[in-house]
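Written out below as structure tokens is the structure these notes cover.
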2 protein chains.
Amino acid sequence: MSVAPWRSHIERALENHREITYARYFQLATITRENRPANRTVVFRGFDAERDRLKVVTDLRSEKVCQIARQPWAEACWYFPRTWEQFRITGLLSLIQADNADMGLQQARQASWQELSDAARKQFAWSPEPGKPKTEEAIAPPQPSPTEPLPNFCLLLLEPVQVDYLLLRGEPQQRWLYCRGDNNDWSVQEINP
Amino acid sequence: MSVAPWRSHIERALENHREITYARYFQLATITRENRPANRTVVFRGFDAERDRLKVVTDLRSEKVCQIARQPWAEACWYFPRTWEQFRITGLLSLIQADNADMGLQQARQASWQELSDAARKQFAWSPEPGKPKTEEAIAPPQPSPTEPLPNFCLLLLEPVQVDYLLLRGEPQQRWLYCRGDNNDWSVQEINP
């Protein structure tokens with residue numbers, strides 16, 4: 001499968017920001033049970049090897065897991081400060097747990113665990129449930145295995161169906177809309193900013 | 001009316017980032033007609049004088065205007081890179097147009113227009129409709145008046161009802177949830193990160 005045409009813009013933006021850690025963060029919007037928007041910062045963990053899916057990781061206990069089960073549509077908003085570029089990536093989320101039927105995805109989950117820093121892995125070992133009132137119980141767990149993911153560790157894949165690319169530098173600004181067709185081919189159209 | 005307790009954290013973060021223009025940008029999530037999340041970068045234009053509402057500006061022709069009319073709930077996600085702070089601000093949006101019945105809000109809209117840069121004001125004079133296929137018609141409009149807003153210029157107010165404040169620096173991270181009660185008073189609880 002060929003690489004989607006919008007990917008080169010993101011890859012170039014990442015290259016232009018390679019020494020800025022937080023340029024790998026984007027904001028991921030989902031919908032709550034009450035039909036309200038939820039929005040949080042996540043860390044981009046690369047593209048899926050076979051398809052143009054964006055990888056992030058999450059804790060099975062986090063609120064977005066329930067939100068996604070109910071409504072898998074999401075929109076990522078990714079702003080690159082140095083080059084004044086914004087990508088709005090609309091797509092479907094899928095959660096990859098340890099028992100995923102697809103062996104390739106199971107391996108991708110394990111590889112994502114192994115690529116995390118020790119500090120990031122340790123966050124999955126914190127015992128108190130995220131979002132619940134703070135308890136005084138010890139939250140200094142032992143360092144988890146660097147190879148074998150904890151059960152609550154999930155890989156989360158965002159499969160884009162539309163990418164709205166806005167280049168803010170210049171007057172007027174420039175904007176392109178990439179849409180995925182029924183045959184998984186991508187079209188692009190320049191649109192008014 | 002007293003200032004909401006979470007505001008001091010945002011104001012201190014802004015102070016800590018005062019020379020970083022893009023620290024005043026945050027991502028605003030809304031819900032589309034198709035019940036999918038939409039997410040875009042907006043510019044913080046300050047707090048409302050009387051209440052703790054966040055001010056942004058928008059074009060009456062932008063997609064979010066229709067989304068808000070149907071579903072006014074929104075969540076802003078605001079990440080401050082230097083201090084590793086994230087604010088997730090859940091609230092209700094209201095759109096302030098020229099004909100708003102509240103004179104104070106009409107004046108606030110006009111003041112927001114006057115505070116824009118010339119370049120920002122000019123964006124509202126672009127004639128082609130945003131998001132539509134690019135037309136070749138001239139998009140070099142005359143510079144609009146610096147005092148009198150164009151009719152399509154809107155002030156957009158986000159009235160928070162919940163603020164989830166995450167401080168990522170430190171191990172473990174720290175997180176507080178501010179909730180607005182029925183009497184418009186705010187409570188705060190430390191929660192698990």
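The values are calculated or read from the model by the stated rules, or taken from the named source; none is laboratory data. Values in this document were obtained by computation on a predicted structure and should not be read as measured data. So basically every Cβ, Gly included, is an ideal-geometry build from the backbone, and we count neighbours across all protein chains shown. For the accessible areas, the whole protein counts, side chains as well, though only heavy atoms, and no ligand, DNA or RNA atoms are used. Shrake-Rupley method; radii C 1.70, N 1.55, O 1.52, S 1.80 Å.
Once the Cα atoms are used to define both axes, helix B:103-115 deviates from the longest principal axis of chain B by about 80 degrees.
Rounded to the nearest 20 debye, the dipole magnitude of the stretch A:7-191 is 380 debye, with +1 charges on Lys and Arg beta carbons, -1 on Asp and Glu beta carbons, and the Cα centre as origin. What is the sum of charges, Lys and Arg at +1 and Asp and Glu at -1, for the other residues whose Cβ falls under 13 Å from the Cβ of B:LEU14? So the surrounding residues net to +2. Considering only protein heavy atoms and a 1.4 Å probe, what is the carbon-and-sulfur percentage of the accessible area of the protein assembly as shown? Accessible surface attributable to carbon and sulfur in the protein assembly as shown totals 48 percent.
Applying both filters, DSSP loop and at most 13 other Cβ atoms within 10 Å, to the trypsin sites (Lys or Arg not before Pro) of the stretch A:76-168 gives A:ARG82.
Which whole-number value in Å² is the accessible area per residue of the stretch A:1-134, probe 1.4 Å?
About 46 Å² of surface per residue is accessible.
Report summary: the helix-based calculation at 222 nm, which adds -39500 (n - 2.57) for every DSSP H run with n ≥ 4 and divides by the residues of chain B, gives -5500 deg cm²/dmol. A simple rule links phi to the HN-Hα coupling: the Karplus curve 6.51 cos²θ - 1.76 cosθ + 1.60 with θ = phi - 60°, which for the stretch B:87-97 gives 10, 10, 10, 9, x, 10, 9, 10, 9, 10, 9 Hz, with x for Gly and Pro. Taken as Cα centroids, the stretch A:1-74 and the stretch B:1-29 sit 24 Å apart, rounded to the nearest whole angstrom. Along the stretch A:48-61 the Karplus relation, 6.51 cos²θ - 1.76 cosθ + 1.60 evaluated at θ = phi - 60°, assigns HN-Hα couplings of 4, 4, 9, 10, 8, 7, 8, 9, 9, 10, 8, 9, 4, 8 Hz to successive residues, with x for each Gly and Pro. The length gained by stretching the chain between A:GLU115 and A:SER94 to full extension, at 0.36 nm per residue less their Cα-Cα distance, is 5.6 nm. Couplings for the stretch B:145-154, taken from phi via the Karplus curve 6.51 cos²θ - 1.76 cosθ + 1.60 with θ = phi - 60°, read 4, x, 10, 9, x, 5, x, 7, 7, 10 Hz in order; Gly and Pro are left as x. For the stretch B:106-193, applying the loop criterion from DSSP together with a ceiling of 12 other beta carbons within 10 Å to the GluC sites (Glu not before Pro) yields B:GLU136, B:GLU137. Here B:SER187 and A:VAL188 are evaluated by their C-beta separation; at R0 = 35 Å the FRET efficiency comes out at 0.10.
Within the stretch A:1-63, the GluC sites (Glu not before Pro) that combine a DSSP coil assignment with at most 10 other C-beta atoms in a 10 angstrom radius are A:GLU19, A:GLU34, A:GLU50. To the nearest 10 degrees, how steep is helix B:7-16 against the longest Cα principal axis of chain B, on a 0 to 90 scale? Taking Cα atoms only, the helix is inclined about 70 degrees. The residues packed around B:ARG70, meaning those with a beta-carbon under 12 Å from its beta-carbon, carry a net charge of 0 if Lys and Arg are +1 and Asp and Glu are -1.
The contact between chain A and chain B removes approximately 4200 Å² from the accessible area (both sides summed; 1.4 Å probe; ligands, DNA and RNA excluded).
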